[in-house]
Amino acid sequence: MSQIPFSTDWLKKFSDPYAVLGLSVSADDRRVLKRYRAVAKLLHPDGYTTADPADRNLASQLFAHLISPAYQKLKQDKGRAESLALLRIHVRRMNHEAPLLPQSDPARQLIKTPMHSVDVFYEQAIAQLADSQYQPLGQFEPITQQLTELNLVYLQLKMGEPVRPKPTGLVPAEQIKRETAASADPKQQSNGNYAQRHYVRAQEYMKKESWSMAVQELRDAIRLEPTKSEFHSLLAKAYFMQNLTGMATVHFRQALKLNPQDSLALEYAKKLKIKLDPPSPAKKGGLFGLFAKKQ
């Protein structure tokens with residue numbers, strides 16, 4: 001382990017009781033109890049009778065210093081609500097300080113997952129990591145850190161939405177079926193429902209100056225509806241606010257191709273000194289005429 005186990009600084013790294021127990025933030029009291037019993041069984045001294053004394057001591061200390069306190073926090077509704085509120089505060093604080101940049105592969109994949117599939121991917125990722133969290137014991141620290149990051153990314157993606165307790169870690173089969181059909185059916189995607197949701201969430205992220213989160217939402221929106229100029233112009237602005245002027249220019253140009261009168265794209269075209277294409281002969285006025293009137 002990277003630091004001295006059970007020192008004050010080391011224990012502070014595991015302030016998320018859900019991650020310590022290997023649970024998603026939607027776990028209800030039954031899931032908490034079931035997982036606690038499973039971990040307690042894994043770390044019980046009877047399982048380490050022939051093991052190295054150092055491993056036996058580590059298992060005992062993990063249970064006493066982390067597992068048992070985490071269970072005490074999460075076994076009741078009030079404790080779960082308080083723990084969830086603290087995690088949300090942590091996410092909001094990070095949003096103000098700097099964009100959340102996941103380090104682990106599961107968290108990076110989660111942040112790229114379309115919103116209609118986020119719950120399914122998140123629950124599955126938590127379950128897979130939890131399977132090897134305590135076996136072997138050396139896995140505890142890196143896997144728990146990945147679980148913590150998954151929980152934070154999930155809460156950031158779900159900012160403003162309630163987290164509903166689930167009795168199991170599995171998303172209902174009917175829900176998976178609906179979401180899979182939605183992602184595979186072009187007709188259902190073309191109605192704009194999912195794309196518009198991404199666009200609205202992006203606007204909320206931009207109000208909070210969470211530029212990277214807005215970029216991800218707008219990329220998803222454009223994948224669903226690539227001909228919406230407002231999607232491209234807002235994405236371009238999110239890039240611009242991160243000083244990614246090359247990417248901003250690309251999407252401002254695309255927005256103006258789709259809608260020569262896109263006001264946001266026109267505003268930033270001047271700032272970036274984007275050379276505007278002259279209007280086609282078939283169109284009267286167009287962009288060139290619009291700019292000429294303002295001069």
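The values are calculated or read from the model by the stated rules, or taken from the named source; none is laboratory data. Computed from a prediction, not measured in an experiment: that's the story for all the values here. So basically every Cβ, Gly included, is an ideal-geometry build from the backbone, and we count neighbours across all protein chains shown. These area figures cover heavy atoms from the full protein model, side chains too; ligands, DNA and RNA do not enter into them. Shrake-Rupley method; radii C 1.70, N 1.55, O 1.52, S 1.80 Å.
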Scaled radius of gyration (Cα, divided by 2.2 N^0.38 Å) that the stretch 68-174 gives:
1.09
For Lys228, list the aspartates and glutamates whose Cα falls under 15 Å from its own Cα; do not include residues on the same chain fewer than 8 positions away.
Glu217, Asp220, Asp262
The local net charge around Leu11, scoring Lys/Arg +1 and Asp/Glu -1 for residues other than Leu11 whose Cβ lies under 15 Å from its Cβ, equals 0
Students often get this wrong, so check it: of Lys158/Lys271; Lys34/Lys158; Lys13/Lys207; Lys112/Lys275; Lys73/Lys166; Lys12/Lys34, which have C-alpha atoms separated by over 23 Å?
Lys158/Lys271; Lys34/Lys158; Lys13/Lys207; Lys112/Lys275; Lys12/Lys34
If ligands, DNA and RNA are left out, what is the accessible area of Asp46 with a 1.4 Å probe, given in Å² to the nearest 10?
110
Let me check I've understood the local charge: for Asp55, count other residues with C-beta under 15 angstrom from its C-beta, Lys and Arg +1, Asp and Glu -1. What total comes out?
-2
Could you run the Karplus curve 6.51 cos²θ - 1.76 cosθ + 1.60 with θ = phi - 60° over the stretch 26-41 and give me ³J(HN,Hα) per residue in whole Hz, x for Gly and Pro?
9, 5, 9, 4, 5, 5, 4, 5, 4, 5, 4, 5, 5, 5, 4, 5
Could you calculate the contour length gain from Glu267 to Asp52, that is, 0.36 nm times the residue separation minus the distance between their Cα atoms, to one decimal place in nm?
70.6 nm
Bin by bin, in steps of 10 Å, what percent of the Cα pairs in the stretch 33-99 do you find, going until the bin that has the longest distance?
19, 33, 25, 19, 5, 0
How big is the dipole moment of the stretch 33-129 about its Cα centre under a simple scheme where the beta carbon of each Lys and Arg is +1, that of each Asp and Glu is -1, and everything else is neutral? Debye, nearest 20, please.
340
Provide the per-residue ³J(HN,Hα) series for the stretch 266-276, in order, calculated from phi with Karplus coefficients 6.51, -1.76, 1.60 and θ = phi - 60°, each as a whole number of Hz, with x at glycine and proline positions.
5, 4, 7, 4, 5, 4, 8, 6, 6, 6, 8
Report the extension gain between Ser7 and Val250 in nm, rounded to one decimal, defined as 0.36 nm multiplied by the number of residues separating them, less their alpha carbon distance.
82.4 nm
Name the long-range amide H neighbours of Ala27: under 5 Å, sequence gap of 5 or more, or other chain; modelled H, no Pro or chain starts.
Lys166
Which length gain, in nm to one decimal place, applies between Arg37 and Gln139 when the Cα-Cα distance is subtracted from 0.36 nm times their residue separation?
34.8 nm
Could you please report the charge total around Glu204, scoring K, R as +1 and D, E as -1 over all other residues with beta-carbon less than 14 angstrom from its beta-carbon?
+3
